[in-house]
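The values are calculated or read from the model by the stated rules, or taken from the named source; none is laboratory data. As the structure is a computational prediction, the values presented were derived from the model and not from experiment. Positions of Cβ are backbone-derived with ideal geometry, glycine not excepted, and every protein chain shown enters the neighbour counts. Each accessible area value is taken on the protein alone, full model and side chains, heavy atoms only, with ligands, DNA and RNA left out. Shrake-Rupley method; radii C 1.70, N 1.55, O 1.52, S 1.80 Å.
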Amino acid sequence: GEAKYFGAEARDLLEDDEYEIARWFKLHLHPDSMKPDRASNGPDSRENPPLPKGVSLVQVYSDFIGYIYRATKSFFINNNPNGRQMWNRLGDQMPIVFCTPNGWDICQHAVLSQASIRVGIVTEGDADDRLWFLTEGEASVHYSLAHTKTVSWLNQGTIFAVMDVGGSTVDSTLYRCQSRSPLILEEVCASACVQAGGIFIDQSIREILERKLSSSEYGDFDTISLMIRQFEQKTKRAFDGSQTANVIQFGTKKDNDEAHDIVKGKLTLSGEEVEGAYLSVIFSIFDSCNSLLANRMVQYLILVGGFGESPYLRGQLKRALGKRGIEVVTVEEPSKKAAADGAIIWYLTELVEGRAARFDYGVIVGDAYDAKLHANYENKTYIDVVGTKRIWIFEILLPKDTILNDRWKSFLQGGRTILSPSDPRIGGDVVIPIFSWRDKGPAPPVLELASNDGYFNPQEIPGLEEIVLVNADIGAILVPATAVLNRITGKSYWNPRLRIELSFKNMKLRARMCWSEKGVERVGPASIIPVTKL
């Protein structure tokens, strides 16, 4: 498939059978951790609109990124003196900032990187240096603080929330003001991100209209689609919950069906009907908000985003949070621009110095079997290569809510997860999978992995997700290692005494291997290989 139209032009062709529309394609990249249970009948209880046949998600993103890039280039060249000369001189060097939902991580970023390389705006050689990934929550806090009337309420120690309510996601982050001058912020805990927003209101209204007009001549797909567009552009933006009648202007004076509340081209929906379309989305927003604010002394919530301008949502939040002594703050400028403008402000100022880990991150290791601790799991044990009886556990290296910054943090000591039949001092790669625990509750003390040969399939454990491989070539490095003998086979195995160090320098996960050599600390490079699920 070849992309022909984008954005508003593509939306106008939704009812045209000649074209296949990649609609709401962002939803296809959302990780499962962002989605509520389908049985909950929440905003994600419906299937996502399918992609066009034969078109991959990477291709959709590649085409869309290329479209935005070309439009940006054209605008810059045509609206700046010597624009073409400046673009030709700097275009291949400029950083490109992707502003993504709080719930996206290195796996989703890898898809955007692949798409950017595919369309040619970066190369495999310079993508790591030129592509930056910023959360919508962090972009929003930069935008909102730049556009609120006053920040006199913001003092050292103040804890406040920023909620970006957009079309398909709600991104919420809690910040503490570390310093007033200069202004420095730090995340308090893991940010929240749920799949909810304005498009799901439109989806619910469509279902209401399909039921309401099922026996009307105006119940066809094209007419209802026209009603949805009019609802989104006018009716939804005015709804605050006080209206008993809500009018959708879709036709002419000749269009009448009083039995179905259509008079002179106007369809009337009751306040209860419109409010019903909001309920599941409002519930998801409140549930996410309550989880973030629970047991914390929060004084303010800054509300931004396209759907954040909804009078109904604002009223509901102000009433609910006002009872808890939390003031809802809005910005002076249209907050639809919060992510894009906020990303630019962030690049120039970067107010946030510490960010909280959203999940528990760790490795799967074979722990020595202890009959007292593991009696109920003896059938899940295995014998390792040196004859030791072991059981699988998830060892947390980086606990959820840990505050991260650009400095290196050491997480894995001793290298007990590595047993190699060859002496690592001779050469070879060390590859360590890193997992995240994504369920709301803690990881189980023992992973019930069906294994009796030392190998396992982590997909057996719901909530456990492999996210990256840390790969280090220690071929030319004299790494200290301990030889371990298998008494049955007589073979020796080697356990290199390494540790992993991680950082989030430049907003990206980076890794390196460290060890001690004759009392001297050594550092070697390591690469991060994303594990994508597409």
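Quick one: grab the alpha carbon gyration tensor of segment 153-260, order the square roots of its eigenvalues as a ≥ b ≥ c, and give me rounded if a/c is under 1.5, else prolate or oblate depending on whether a/b is larger than b/c.
Prolate, because a/c is 1.5 or more and a/b exceeds b/c.
In debye, nearest 20, what is the charge dipole magnitude of segment 99-255 about its Cα centre with +1 on Lys and Arg Cβ and -1 on Asp and Glu Cβ, if you could check?
Roughly 760 debye, rounded to the nearest 20.
What's the extension gain from residue 323 to residue 238 if we count 0.36 nm per residue and subtract their Cα-Cα distance?
On the way: separation 85, 0.36 × 85 = 30.60 nm, distance 2.50 nm.
Length gained, residue 323 through residue 238: 28.1 nm.
Send over a whole-number figure in Å² for the accessible area per residue of segment 66-123, probe 1.4 Å.
With the other protein chains kept in place, segment 66-123 gives 54 Å² per residue.
Name the residue farthest towards the positive end of the dipole of segment 25-154 from the options 67, 114, 139, assuming +1 on Cβ of Lys and Arg, -1 on Cβ of Asp and Glu, about the Cα centre.
Value computed over the given set: 67.
Pull out a ≥ b ≥ c, the square roots of the eigenvalues of the alpha-carbon gyration tensor of segment 47-174, then state rounded if a/c is under 1.5, prolate if not and a/b is larger than b/c, and oblate in the remaining case.
Working: a/c = 2.10, a/b = 1.29, b/c = 1.62.
Verdict is oblate for segment 47-174.
So which trypsin sites (Lys or Arg not before Pro) in segment 108-207 pass both tests, a DSSP loop state and at most 15 other Cβ atoms within 10 Å of the Cβ? Write down the numbers at each step before the final one.
Numbers: sites: 118, 130, 149, 176, 180, 206; in loops: 149.
Listed in order of number, the matching sites are 149.
Per residue of the chain, what 222 nm ellipticity follows from adding -39500 (n - 2.57) for every DSSP H run with n ≥ 4, rounded to the nearest 500?
About -8000 deg cm²/dmol.
Which cross-chain or sequence-distant (5 or more) residues have an amide H under 5 Å from the amide H of residue 498, H modelled 1.01 Å from N in plane?
Long-range HN contacts for residue 498: 414, 415.
Taking all protein chains as present, what is the carbon and sulfur share of the accessible area of segment 66-197, in % to the nearest whole number, probe 1.4 Å? List each step's numbers first, then the result.
Details: 2740 of 5450 Å².
Of the solvent-accessible surface of segment 66-197, carbon and sulfur hold 50 percent.
Nearest 20 debye, what's the magnitude of the dipole of the chain about its Cα centre given +1 on Lys and Arg Cβ and -1 on Asp and Glu Cβ?
That gives a dipole near 1480 debye.
Straight distance only, please: which lysines reach the Cα of residue 508 with their own Cα at less than 17 Å, same-chain residues fewer than 8 apart left out?
Output for residue 508: 409.
So how much accessible area does residue 317 have, in Å² to the nearest 10, using a 1.4 Å probe?
0 Å²
Can you give the Kirkwood hydrodynamic radius for segment 242-298, in Å, rounded to one decimal and based on Cα pairs?
Computed over Cα pairs of segment 242-298, the Kirkwood hydrodynamic radius comes out at 13.9 Å.
Computed FRET efficiency, Cβ-Cβ of residue 6 and residue 155, R0 30 Å: what is it to the nearest 0.05?
On the way: r = 45 Å, r/R0 = 1.49.
Computed FRET efficiency for residue 6 and residue 155 comes out at 0.10.
Averaged across orientations, what area in nm² does the convex hull of the alpha carbons in the chain project? Don't jump to the answer; show the numbers that get you there.
Details: hull surface 128.9 nm².
Result: 32.2 nm².
Please find the FRET efficiency linking residue 406 to residue 221, where r is the Cβ-Cβ separation and R0 is fixed at 45 Å, and quote it to the nearest 0.05.
Calculated value: 0.30.
Tell me, what is the 1.4 Å probe accessible area of residue 47, in Å² to the nearest 10?
It works out to around 140 Å².
Just to confirm a number: summing +1 for Lys and Arg and -1 for Asp and Glu over residues other than residue 249 whose beta-carbon lies under 12 angstrom from that of residue 249, what do you get?
+4
Take the residue pairs 236/336; 4/337; 380/400; 53/212 and return only those whose Cα atoms are more than 22 Å apart.
4/337; 380/400; 53/212
Would you work out the charge dipole size for segment 344-396 about its Cα centre, treating the Cβ of every Lys and Arg as +1 and the Cβ of every Asp and Glu as -1, and quote it to the nearest 20 debye?
On the way: 6 positive and 8 negative charges, 38 e Å.
Roughly 180 debye for segment 344-396.
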